[in-house]
Structure formats: C-alpha cells, structure tokens
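J.: If you scroll down you'll find the structure; I have some questions about it.
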Amino acid sequence: MDFSELFRNFPELTTTGLTQGAIYALVALGYTLVYGVLRLINFAHSEVFMVGTFAAMWTWNALGFNQNLSPSGVLISAGVLIAGLLAAVAVSSATAVAVELTAYRPLRKRNAPPLAFLISAIGASFVIMEIIGIATDRAPYGNMPELVSNKPLFTILGAEITPVQIVIVVGALVMLVGLDWFINNTRLGRGVRAVAQDPDSAALMGVNKGRVIGLVFLLGGVMAGVAAVFANLKYGFTKFNLGFLFGLKAFTAAVLGGIGNLRGAVLGGLLLGLVENYASALVGTQFRDLVAFVVLIAVLMFRPTGILGESLGRARA
Amino acid sequence: MRQQLARVLGGVAVLALVAGGAAACKSDDATPGAGSKVCDLKLGFFGALTGDAAGLGIHMRNGVKLALEQYNKDNADCKVALEEYDSQGDPAKAPALATKAAGDTKVIGLVGPAFSGETEASLDTFKGANLPIITPSATRPSLSDKDWGVFHRGVGNDLAQGPAAGRYIKDVLKAEKVYVVDDQSAYGTGLATEVVKVLGTVAGQDKVQVKQVDFAATVAKIKASGATVLFFGGYYTEAGLLLKQAKAAGWNGVMVAGDGVNDANFIKVAGDAAAEGTVLTCPCAPATSAKGSFVADYKALINAEPGTYADVSYDVAKIFLEGIKAGKTTRADMLAFIDGYNGTGSATGVTYKFEKNGELDPTQVLVWAFEVKGGAVVPKVEIPKG
C-alpha cells in the first residue's frame, strides 16, 4: 500500500481517471440501452466501438492528417475532428444496426431462448473482430493527428487540465444529457420506454417494437462512435482487439451503475475510471483490474441492481 | 431409435478420432529412411507474424526465407520448404502450434520461437518430439535452466542484455533517478529485474499489462518520481503507448528499452516526436550493417531494410541447412550436428558454438545500443562488457 503515491498524485489521477471513465461511460450507454429494452447483453457492442476508432483514423489519414504533422489551426482541426466524428458515428451505428438485423432479429422472429442470443452476440463480436484483424494484419495503429492539444491549459488544485480532457468529459456529459432528454421527452423516446416496461402492451398500444429495437441499437452505435473518436484523441492508437478491453470495462461500468439505467451507466463509467486509477497508484498497476472488480462485487453485494438500479422504463430513467 | 442411432454414430466418430490421433502420435517416432536422399524436408519458423509484435517476427521470418531461397537456388534438385507457425507472440497459442510442428515429421528443425513466453510454453513439446530448435531472439535467461537438449539460443540472453542496459543508463546517460516499468511477460519482467540489479536503487517501479492502453496512473507516478530515465521491459506496442502518453503529459526524460522494442513499429505507435532519443538495446549487432552481401540480398528479396534479428535468423537457418546438406535428415542426427557445430555466421560474423545447456558461447555475446533519430532506429555504440 503506497498511500503517499496516491495522495501526491491525487489531482492528476482524478482528472485522468474521469477522462478514461467518460469513454467507458459512452460505451456503457450502448450496453445499457439494449439491455433496458431487450434484456440482452449485446457483446458485439465492443466491436461497434472498435470499428469507430478505425473509421475515424482512416478518415483523418485520407484527409492527409497523421501523427507526425504539427498541429494545425483551431478551425481546420475542428473541421477534421468533426469529419472523423461523423465517419465514426456513421460506421459504428451502421455496424450496430447490422448486428441487430443479422444476429438478433432472425432469432427473435423464431422466439429463440435467451442463451441463443448470447452465443449469437459472442459470435457476431468474433466475426467483426476477426474481419478487422485480418484486414489490418492485427497490427497496432498509431497514426493519428493531434487534433486537440494535450498540452496543459490551466491548473486546478495541482491537476493540469488539458483541452483533450475537457473535450472528452464535457462531450460525454453533453451526449448523456442529450440522450436522456431524447428518451424522456420525445415520441420515439416514449416508445423506447414503453417497450422497455412492457413490450406486449406497448405493441398493443401501437408501438412498432421492431423499429424501437432498431432505434436503441442505432443510439448505442452513435454513443460508441463518439466514444471511439474520444479514445482516438486520448490515446492516438487503435488495433483490432481494442474493443475487448473497453467493452469489458464498459459492461462492468454499466452493471456497476445499474444496467438498463442511462444515468447509472455514466456514473458507473466515471467511477470505474477513478477506481482504476486510484488502485493503480495505491497498490500498483498490476492490481488495477483486481481492485476494480473487487469494488464491483462489493457494490453488488449491497446493491444487487447496481448503484442507481435497473430502470430504463421507469420514471427515473 | 433415432437418438440411439445418433449415439452409436457419435461413439464411432469419437473412436475414429482417438484412433486417428494415436496413429498420428505413432508417426512422430517414425524417422524418414536414413541414408537415402530425403528431399521434401521442411524448416520451421515459429513466431509472431501477425499481432501486436509481428514487426519483430516478420524480419526474422524474412531472414530465414532468404537463407532458404539461396539454398534452394543452389540445390534445385533437393529443395527445403519453409513452414510458418504464426504464434502472434502469444504464449497461449504456442502449445498447439508446437504440437503441430512436433507432429510434422518433415519438419527437421525450427528457427524460433521468437519470444520468451512462447518458448517457455512449448519447450516441453519440442523435447518430447526431439525437435531441435535455435531461437534467434528469445532472451529470457531461465529458458536454458533446465537441460532441454533440443534448445539452442543464437544470441546472448538477458543476463548480458539487462546488465548492459543498466550500465548504459548508469555510465553513459549518467541518470540518477530511473523509473522501471515492465509488462509482466516472461521476457519483460526478466529484463527489468536484471536492470534493477545493476542500478541498485531505483526511483520507482510499476508493472503494466500486455494489451493495456491507458497508462495514466503509471505516467503520474513516473512524473512524480522525478525520474530522468524510464526503463521499459516489454514489447513495442505498450512501450510506444506508454512513452506517447508520458511525453504528452509533460515528462521530458529518455526511455531505454530492450530488443522487444527495437523495431520500426515502436516509432509508428509512439510517433516521431515522442520516440526521438529513445535508447534501445539488443544482444545483437546492427542488422543493417551485417557482413557480406546479406543486406543487399535481403533488400533484393524483401524490398525493405533488415530489422532486428533478421541477420541472426538468417545465420541460424543456415546452420540447419548445412546439416541437411551434410545428410542429417533425421531430427536426432540434426540435433547431434547442431550440438557439435562450430562455424561463423556469414551475416553476423558471430561464431556459433553452443554450450551444453544450449546457450551461445559467452565470448561471442555482444550487446549494442541503438537510438531513435529522425523517425528511424539507428545503431549507436556497442556497450562494453562489464
């Protein structure tokens, strides 16, 4: 136990942990949305995130931006960033919807048992991962431009805040608030809540169940695409199996916060990012995942449905 | 009734599988007819050809490929084929591939496995099949602890590389505060341990994971320790990411790392600016200044500069080929041939002579320091023996 290490680096660990957690949170939203409606863990969601990182990187490279280029002006950088963001969101959401159409919908039509969906999910995940793996030689890719500066902007209580961190944390919160509003205040969102609460009654009331399910996959894909661009900004790195670790952590975050609950997913993500960082400093990076999962189990012992509980359909969502 | 039939059929299928497996095992012991000329032999290469550390494996494979190409040109009537075992550098994938290599009686010898973890995981299988191997690059010292018989190492191990890296940090860089990180792999931990032994006290130590992407906590610790040198024991993907994140967080020191990072892909991950000035060691001489016509031949065949261990792989592949030329067409004969070998490699200039445990003759071990300059790894200096 190295408490001095923890306290000495506490501000920096907090800011970097929150940044990492914000990315987990965005991916976690995808798990939680699908679970809330279908009671299904969409294991292929990690790959939806991964293809987004490649889509953004390839877009940037195609526009002539690479990691060895010196940073250009704010306007150009913002333009390139948005181009990458649109590409990642488009590819990620298309992948998510494609997974739903090919891996889940046919099973649902035949009233397959839940276990079949689980295997189908894992299968879809492997297929996407292997396709990208073969297409990219399983090599690590680091060729990404520095579109948002990672030089410190100002210091709060000893923690250096960089523009990248601000963009990621603020961006993630904006996405959450937008999604929360969409689910709670629009007609389509009401449909999502209705199907989450009681699919059969919702269908009787004229809600198109198939369309709602397609919508939640689409929304999850959008969130994953944004997360992919944020991960690119933060790490400037991707590879074919990047999704595995992020997916696992994001799923953990979703369970920690209460799977099926949007705000829970974000809370869980941020918390997991912080816990991981504090644990790394306190007992060494090799124990990072161990501590994170001990915390998860401890939370589930006292709150079996996660910190905020499961509730996409209920009022709290 | 139908269910019963299915069960019977299933049972038959299982029996057939078992019988087939047994037959396959039996054929392991069978040796190709000695004396007569055997012309469809294969030389194996075992290492990462895809994956996070493929950059290292591909150069080695290419070295072996070049040796075979030249041999087959001179011996067109009796060619030797290359059999590739792509482990992706993953110790978990190694045992299955090792079994495959051991079971193929045409494979008379193996260049590799390239990394220490996968070597550790497959030596038992190679020993069981009496398949002689020469690794051009697995440097964990403990690989030769047990008397495997089949194991040979064509380079020095980390008992040479680690202390040399330590001496370089102490004597050349004159660093007072050194932070040591390793990736918990068989190779990375071993190397880091040797470096720490030479340095005595270090500013701090941390362990990361292979495939980890976020190193924020480790970076915070490195910065807070005030270290001017960071030693990393591991492979280039994690090294590149760690360095990139450390430099982005405002750390200004120098990274020193071993042969697992000594590859152009390291710079691709870290970026030119972050990688600049990084010192990389290798228990080998620079492949780009290898002797004879190796560099020119390699470029002609592969269309790229030879990378780390390409020259060593070329030379050790030639040891096997010399054996085949001399009529050693069984694994046992080949093993005896290698154990008694004493000859100079045409590319490295190293005299290959193996000790009883398979280690290269210690007088032949040399360690070089390389430096990243302008987006390329360039040789700097041979580190003097301690």
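The values are calculated or read from the model by the stated rules, or taken from the named source; none is laboratory data. Every value quoted in this text rests on a predicted model; they were computed, and no experiment measured them. Every residue, glycine among them, receives a Cβ derived from its backbone with ideal geometry; neighbour counts consider all protein chains shown. For the accessible areas, the whole protein counts, side chains as well, though only heavy atoms, and no ligand, DNA or RNA atoms are used. Shrake-Rupley method; radii C 1.70, N 1.55, O 1.52, S 1.80 Å.
J.: Being assigned to a loop (DSSP other than H, G, I, E, B), more than 7 Å from every other protein chain (Cβ to nearest Cβ), surrounded by fewer than 24 Cβ atoms within 10 Å (Cβ to Cβ) and not polar (S, T, N, Q) is the filter here, so list the residues in the stretch B:205-238 that pass it.
T.: Once the filter is applied, which keeps residues that are assigned to a loop (DSSP other than H, G, I, E, B), more than 7 Å from every other protein chain (Cβ to nearest Cβ), surrounded by fewer than 24 Cβ atoms within 10 Å (Cβ to Cβ) and not polar (S, T, N, Q), the stretch B:205-238 yields B:V210, B:G226, B:A227.
J.: In addition: It is to be established whether one or more residues within the stretch B:192-201 are touching a residue at least 40 places away in the same chain (Cβ under 8 Å), in a loop (DSSP other than H, G, I, E, B) and away from chain A (no Cβ under 11 Å).
T.: The answer is no, given that none of the residues of the stretch B:192-201 is touching a residue at least 40 places away in the same chain (Cβ under 8 Å), in a loop (DSSP other than H, G, I, E, B) and away from chain A (no Cβ under 11 Å).
J.: Can you say whether B:S293 is open to solvent by 10 Å² or more (accessible area, probe 1.4 Å), more than 10 Å from chain A (Cβ to nearest Cβ) and small (G, A, S), as far as the supplied structure shows? Walk me through how you get there before you give the answer.
T.: Details: open to solvent by 10 Å² or more (accessible area, probe 1.4 Å): yes; more than 10 Å from chain A (Cβ to nearest Cβ): yes; small (G, A, S): yes.
So B:S293 passes the test.
J.: Tell me the residue from A:L101, A:L33, A:L81, A:L86 that is more than 16 Å from A:A228 (Cβ to Cβ) and surrounded by fewer than 24 Cβ atoms within 10 Å (Cβ to Cβ), please.
T.: Details: A:L33 fails: surrounded by fewer than 24 Cβ atoms within 10 Å (Cβ to Cβ); A:L81 fails: more than 16 Å from A:A228 (Cβ to Cβ); A:L86 fails: more than 16 Å from A:A228 (Cβ to Cβ).
That would be A:L101, the only listed residue that is more than 16 Å from A:A228 (Cβ to Cβ) and surrounded by fewer than 24 Cβ atoms within 10 Å (Cβ to Cβ).
J.: What number of residues within the stretch A:256-276 are within 14 Å of chain B (Cβ to nearest Cβ) and open to solvent by less than 10 Å² (accessible area, probe 1.4 Å)?
T.: 4
J.: Checking A:L6 against (1) within 14 Å of another protein chain (Cβ to nearest Cβ); (2) open to solvent by 40 Å² or more (accessible area, probe 1.4 Å), which test does it fail?
T.: Exception for A:L6: condition (2).
J.: Any chance you could count how many residues in the stretch B:357-380 are under 25 Å from B:R140 (Cβ atoms) and within 14 Å of chain A (Cβ to nearest Cβ)?
T.: The number of residues fulfilling the criteria is 1.
J.: Next up: Of the residues A:K209, A:K239, A:K249, which single one is of a type in the set (K, R) and free of Cβ contacts under 8 Å to residues at least 24 places away in the same chain? Full working, then the answer.
T.: On the way: A:K239 fails: free of Cβ contacts under 8 Å to residues at least 24 places away in the same chain; A:K249 fails: free of Cβ contacts under 8 Å to residues at least 24 places away in the same chain.
Going through A:K209, A:K239, A:K249 in turn, the sole match is A:K209.
J.: I've got another one for you. Among the residues of the stretch A:291-314, count how many are touching a helix residue (DSSP H, G or I) at 6+ places or on another chain (Cβ under 8 Å), open to solvent by 10 Å² or more (accessible area, probe 1.4 Å) and in a helix (DSSP H, G or I).
T.: Going through the stretch A:291-314 one residue at a time, the tally reaches 6.
J.: Kindly evaluate B:A287 against the criterion of being facing chain A (nearest Cβ under 8 Å) and small (G, A, S). Don't jump to the end; show me each part of the working.
T.: Numbers: facing chain A (nearest Cβ under 8 Å): no; small (G, A, S): yes.
No.
J.: Take the stretch A:279-290 and flag every residue that is within 18 Å of A:A250 (Cα to Cα), open to solvent by 10 Å² or more (accessible area, probe 1.4 Å) and either among the aliphatic types (A, V, I, L, M) or at pLDDT 90 or above (or both).
T.: Once the filter is applied, which keeps residues that are within 18 Å of A:A250 (Cα to Cα), open to solvent by 10 Å² or more (accessible area, probe 1.4 Å) and either among the aliphatic types (A, V, I, L, M) or at pLDDT 90 or above (or both), the stretch A:279-290 yields only A:L290.
J.: Also: Would you please name the residue that is nearest to B:P362 (Cα to Cα), looking only at residues in the stretch B:239-263 that are within 9 Å of another protein chain (Cβ to nearest Cβ) and part of a helix (DSSP H, G or I)? Lay out the reasoning, then the answer.
T.: Within the stretch B:239-263, the first condition is being within 9 Å of another protein chain (Cβ to nearest Cβ), and the residues that meet it are B:240-241, B:244-245, B:248-250.
Among the residues that remain, those that are also part of a helix (DSSP H, G or I) are: B:240-241, B:244-245, B:248.
Working: B:G240: 32, B:L241: 35, B:K244: 36, B:Q245: 38, B:A248: 41 Å.
Ranking the qualifying residues of the stretch B:239-263, first place goes to B:G240.
J.: While we're here: Which of (1) acidic (D, E); (2) within 13 Å of another protein chain (Cβ to nearest Cβ); (3) more than 19 Å from A:N232 (Cβ to Cβ) does A:E146 not meet, given it meets every other one?
T.: Every listed condition holds for A:E146 apart from (3).
J.: Which condition number does B:T139 fail, the rest of (1) of a type in the set (S, T, N, Q); (2) at pLDDT 95 or above; (3) open to solvent by less than 40 Å² (accessible area, probe 1.4 Å) being met?
T.: Failing condition for B:T139: (2).
J.: Out of all the residues in the stretch B:145-187, which are among the polar types (S, T, N, Q), open to solvent by 10 Å² or more (accessible area, probe 1.4 Å) and in contact (Cβ under 8 Å) with a residue 40 or more places away in the chain?
T.: As a first pass, look at the stretch B:145-187 and keep what is among the polar types (S, T, N, Q): B:157, B:161, B:184-185.
Right, trim to open to solvent by 10 Å² or more (accessible area, probe 1.4 Å) and you get B:157, B:184-185.
Result: B:N157, B:S185.
J.: Does any residue of the stretch A:218-229 turn out to be in contact (Cβ under 8 Å) with a residue 12 or more places away in the chain, within 14 Å of another protein chain (Cβ to nearest Cβ) and in a helix (DSSP H, G or I)?
T.: Applying the first criterion (in contact (Cβ under 8 Å) with a residue 12 or more places away in the chain) to the stretch A:218-229 yields A:218-229.
Still in the running and within 14 Å of another protein chain (Cβ to nearest Cβ): A:227-228.
Now restrict to residues that are in a helix (DSSP H, G or I): A:227-228.
Within the stretch A:218-229 (the criterion being in contact (Cβ under 8 Å) with a residue 12 or more places away in the chain, within 14 Å of another protein chain (Cβ to nearest Cβ) and in a helix (DSSP H, G or I)), the answer is yes, since at least one residue qualifies.
J.: Counting just the residues of the stretch B:264-283 that are open to solvent by less than 10 Å² (accessible area, probe 1.4 Å), more than 8 Å from chain A (Cβ to nearest Cβ) and not aliphatic (A, V, I, L, M), which one comes out farthest from A:P71 (Cα to Cα)?
T.: Going through the qualifying residues, I end up with B:P283.
J.: Being more than 20 Å from B:G277 (Cβ to Cβ), among the small types (G, A, S) and buried (at least 24 other Cβ atoms within 10 Å of the Cβ) narrows it down to one residue among B:A129, B:A192; which is it?
T.: Numbers: B:A129 fails: buried (at least 24 other Cβ atoms within 10 Å of the Cβ).
Matching residue, one of B:A129, B:A192: B:A192.
J.: Related question: If the requirement is being surrounded by 16 or more Cβ atoms within 10 Å (Cβ to Cβ) and among the small types (G, A, S), which of these qualifies: B:G340, B:G375, B:G327, B:G358?
T.: Selected residue: B:G358, the only one of B:G340, B:G375, B:G327, B:G358 that is surrounded by 16 or more Cβ atoms within 10 Å (Cβ to Cβ) and among the small types (G, A, S).
J.: Determine whether B:G258 is buried (at least 22 other Cβ atoms within 10 Å of the Cβ) and more than 26 Å from A:L248 (Cβ to Cβ).
T.: Numbers: buried (at least 22 other Cβ atoms within 10 Å of the Cβ): yes; more than 26 Å from A:L248 (Cβ to Cβ): yes.
Against the criterion (buried (at least 22 other Cβ atoms within 10 Å of the Cβ) and more than 26 Å from A:L248 (Cβ to Cβ)), B:G258 qualifies.
J.: Scan the stretch A:136-193 residue by residue and report those that are open to solvent by 50 Å² or more (accessible area, probe 1.4 Å), under 30 Å from A:E310 (Cβ atoms) and over 20 Å from the mean Cα position of the chain (by Cα).
T.: A:N185, A:R187, A:L188, A:R190, A:R193
J.: Can you pull out every residue in the stretch A:109-126 that is touching a residue at least 24 places away in the same chain (Cβ under 8 Å) and over 21 Å from A:G243 (Cα atoms)?
T.: At the first step, the residues of the stretch A:109-126 found to be touching a residue at least 24 places away in the same chain (Cβ under 8 Å) are A:114, A:117-118, A:121-122, A:124-125.
A:P114 - this is the single residue of the stretch A:109-126 that is touching a residue at least 24 places away in the same chain (Cβ under 8 Å) and over 21 Å from A:G243 (Cα atoms).
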